[in-house]
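S.K.: My questions all concern the structure below.
The values are calculated or read from the model by the stated rules, or taken from the named source; none is laboratory data. Because the structure is predicted, anything quoted here is derived from the model rather than measured. Quick reminder, even Gly has a Cβ in these numbers, built from the backbone with ideal geometry, and neighbours come from all protein chains shown. These accessible areas exclude ligands, DNA and RNA; they are computed on the full protein's heavy atoms, side chains included. Shrake-Rupley method; radii C 1.70, N 1.55, O 1.52, S 1.80 Å.
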Amino acid sequence: MTTQGTVPTSEAAPDPGVGDLIGSGQEGGVGDQVRAWWQRVRSGEMGALPAVGGFIVLSVMFSILSPFFLTERNFANLMTQAATLVMLGMALVFVILLGEIDLSAGVTAGVTMCIFIVLVNVQGFNWIVALAIAFATGIAIGTFIGFFVARVGIPSFVVTLGLFLGLQGLELMIIGSGGLYRVQIPEILAIQNSNMPPWAGWAMLVVILAVSAGTSFWDRARRARAGVPNRTIALVWIKLGVIAALGGTVVFILNQDRGQSIRAVQGVPIVVPIVLVILWIGTFVLDRTRYGRYIYAIGGNAEAARRAGIKVVLIRWTAFIVCSSLAVVAGLFSISKVGSVDAAAGRDLVLSGVAAAVVGGVSLFGGRGRLLHAAIGALVIAVITNGLGLLNLPAGVNYAVTGGVLILAATVDAVSRHRAGGAVLRT
């Protein structure tokens, strides 16, 4: 659960670690936590619950309609299909939490990949140097957007819409009308098209459990030192049990041979641990640092955050830089999957990225949502695209269904906001 509103102040000198502690909600046993969670849901704070429900319903429906949906091969395809959208959705979370938007994130991914591939294929640059230049370009674009939004005060919709159009023109100038370059870098192609050895998948799960346990006990130790009550330890074991069960199932399925020839194709796709590492780092920043807490505070009430001493302009500026930088990673995933770069690269990505965040439960009004929610929303959209593709339905149906899901998610967000506001007024 995210923390909104202003940063509390006190006349006494606070413990430096207290400001970074994640919100604890209502303390007590497991039953107390469940009742508190249910009360939050009833008051409108549903988080990713609708997206999780939609994911389950869609998965069951497509598994009934298509015998190929639950196969090991399609499960791996779903992971790689969703990776680009997951990354772009997570990138957009940083600005959406502020109540802003970045319509240029998709073409930022596209134009940086155009620069990357031309430097490698035409200019003969080392691919690592070219990738560094692509990231520098992404950072420069984010800095440009942040300056005009945070410093000048132009609405982010206007600035990023202008870049959405302008960067498409830059792509045409770099690649040329109708131009296309193949990606021939084995290390880049391997991201979406190669797998880890089966043992590495289990090792990854062990690392995930160790990091999750270490983070949970570190949080508890900090809270104890600060004199803040801890939740029951049973919740930690329940979380680790859920991670072990779900993670073990995923690794087991992906380790099955899904090849159609003598050569075995098995293992977790390489892109999966990359996404998980970025997800963990981003979640750590948003949940356990002052920077993340300030983002939520600004999204909840920017004026109150400014009065509390938060550097609103700087936080907004850096959020757009983070968004554009992660968009470059999304572009890298995209060209690894497709295997080529053309002048339309990234053009259709951004709206799907916004949809992923909103469907996952990130509020367009700002101040509510997590990176994990965007990842779940991206999986929902990937399931829709994958399932409808298996049913051989036209692309128009895919757009119509995705659009309907997005409108439904935005409606749920707006209604939950009104319900939460009403609950606050009644109390």
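S.K.: Which number in (1) at pLDDT 95 or above; (2) under 23 Å from the mean Cα position of the chain (by Cα) marks the one condition that I133 misses?
M.R.: (2) is the only condition that I133 fails.
S.K.: So E303 passes all but one of these: (1) over 30 Å from A213 (Cα atoms); (2) within 18 Å of the chain's Cα centre (by Cα); (3) not β-branched (V, I, T). Which condition number does it fail?
M.R.: Result: E303 passes all but (2).
S.K.: Looking at F68 and the list (1) closer than 25 Å to I321 by Cα; (2) open to solvent by 30 Å² or more (accessible area, probe 1.4 Å), which single condition is not satisfied?
M.R.: Only one criterion in (1) closer than 25 Å to I321 by Cα; (2) open to solvent by 30 Å² or more (accessible area, probe 1.4 Å) is unmet by F68, namely (1).
S.K.: Restricting to region 384-407, and then to whatever is without any contact (Cβ under 8 Å) to a residue 24 or more places away in the chain, in a helix (DSSP H, G or I) and not small (G, A, S), can you tell me which residue is surrounded by the most Cβ atoms within 10 Å (Cβ to Cβ)?
M.R.: Among those that are without any contact (Cβ under 8 Å) to a residue 24 or more places away in the chain, in a helix (DSSP H, G or I) and not small (G, A, S), it is L388.
S.K.: If I go through region 351-383 residue by residue, how many of them are hydrophobic (A, V, I, L, M, F, W, C) and either open to solvent by 40 Å² or more (accessible area, probe 1.4 Å) or farther than 24 Å from L326 by Cα (or both)?
M.R.: Going residue by residue through region 351-383, those that are hydrophobic (A, V, I, L, M, F, W, C) are 351, 354-359, 362, 364-365, 371-372, 374-376, 378-383.
Retained after the next criterion (residues that are either open to solvent by 40 Å² or more (accessible area, probe 1.4 Å) or farther than 24 Å from L326 by Cα (or both)): 351, 364-365, 372, 379.
Qualifying residue count, region 351-383: 5.
S.K.: Can I ask one more? Which residue pairs have Cβ atoms closer than 6 Å, lie 6 or more positions apart in sequence or on different chains, and pair a first residue in region 329-348 that is on the phi > 0 side of the Ramachandran plot with a second residue that is surrounded by fewer than 24 Cβ atoms within 10 Å (Cβ to Cβ) and among the aliphatic types (A, V, I, L, M)?
M.R.: Listed pairs, sorted by first residue: G339/V183.
S.K.: Tally time: how many residues in region 196-212 are surrounded by 14 or more Cβ atoms within 10 Å (Cβ to Cβ) and farther than 15 Å from A244 by Cα?
M.R.: 3
S.K.: If you don't mind, there's one more thing I want to ask. Can you spot a residue in region 315-322 that is of a type in the set (A, V, I, L, M, F, W, C), within 30 Å of W202 (Cβ to Cβ) and part of a helix (DSSP H, G or I)? Quick ask: steps written out before the conclusion?
M.R.: Going residue by residue through region 315-322, those that are of a type in the set (A, V, I, L, M, F, W, C) are 315, 317, 319-322.
Of the ones still in play, those that are also within 30 Å of W202 (Cβ to Cβ) are none.
Checked region 315-322: no residue is of a type in the set (A, V, I, L, M, F, W, C), within 30 Å of W202 (Cβ to Cβ) and part of a helix (DSSP H, G or I).
Yes/no matrix, rows are residues, columns are (1) modelled with pLDDT under 90; (2) within 25 Å of the chain's Cα centre (by Cα); (3) farther than 24 Å from Q81 by Cβ; (4) open to solvent by 30 Å² or more (accessible area, probe 1.4 Å):
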residue: G166; (1), (2), (3), (4): no, no, yes, yes
residue: E187; (1), (2), (3), (4): no, yes, no, yes
residue: G214; (1), (2), (3), (4): no, yes, yes, yes
residue: R225; (1), (2), (3), (4): yes, no, yes, yes
residue: N230; (1), (2), (3), (4): yes, no, yes, yes
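Okay, residues lined up against (1) open to solvent by 50 Å² or more (accessible area, probe 1.4 Å); (2) more than 24 Å from P269 (Cα to Cα); (3) in contact (Cβ under 8 Å) with a residue 12 or more places away in the chain; (4) under 18 Å from the mean Cα position of the chain (by Cα):
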residue: A91; (1), (2), (3), (4): no, no, yes, yes
residue: A105; (1), (2), (3), (4): no, yes, yes, yes
residue: V120; (1), (2), (3), (4): no, yes, yes, no
residue: G124; (1), (2), (3), (4): yes, yes, no, no
residue: I141; (1), (2), (3), (4): no, yes, yes, no
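S.K.: For L286, state whether it is in contact (Cβ under 8 Å) with a residue 40 or more places away in the chain, outside any strand (DSSP E or B) and open to solvent by 50 Å² or more (accessible area, probe 1.4 Å).
M.R.: Values: in contact (Cβ under 8 Å) with a residue 40 or more places away in the chain: yes; outside any strand (DSSP E or B): yes; open to solvent by 50 Å² or more (accessible area, probe 1.4 Å): no.
When the stated conditions are applied, L286 does not pass them.
S.K.: What helices (runs of 4 or more DSSP H) completely inside region 147-233 contain at least 1 residues that are closer than 23 Å to D287 by Cβ?
M.R.: Values: elements: 156-175, 186-193, 198-225.
By residue number, 198-225.
S.K.: Now for a different question. Has region 238-256 got any residue that is open to solvent by 50 Å² or more (accessible area, probe 1.4 Å), in contact (Cβ under 8 Å) with a residue 40 or more places away in the chain, assigned to a loop (DSSP other than H, G, I, E, B) and within 29 Å of Q81 (Cα to Cα)?
M.R.: yes
S.K.: On to the next question. Looking at I281, I262, which is the one that is closer than 30 Å to V313 by Cβ and open to solvent by 50 Å² or more (accessible area, probe 1.4 Å)?
M.R.: Values: I262 fails: closer than 30 Å to V313 by Cβ.
Step by step, each of I281, I262 is checked, and only I281 is closer than 30 Å to V313 by Cβ and open to solvent by 50 Å² or more (accessible area, probe 1.4 Å).
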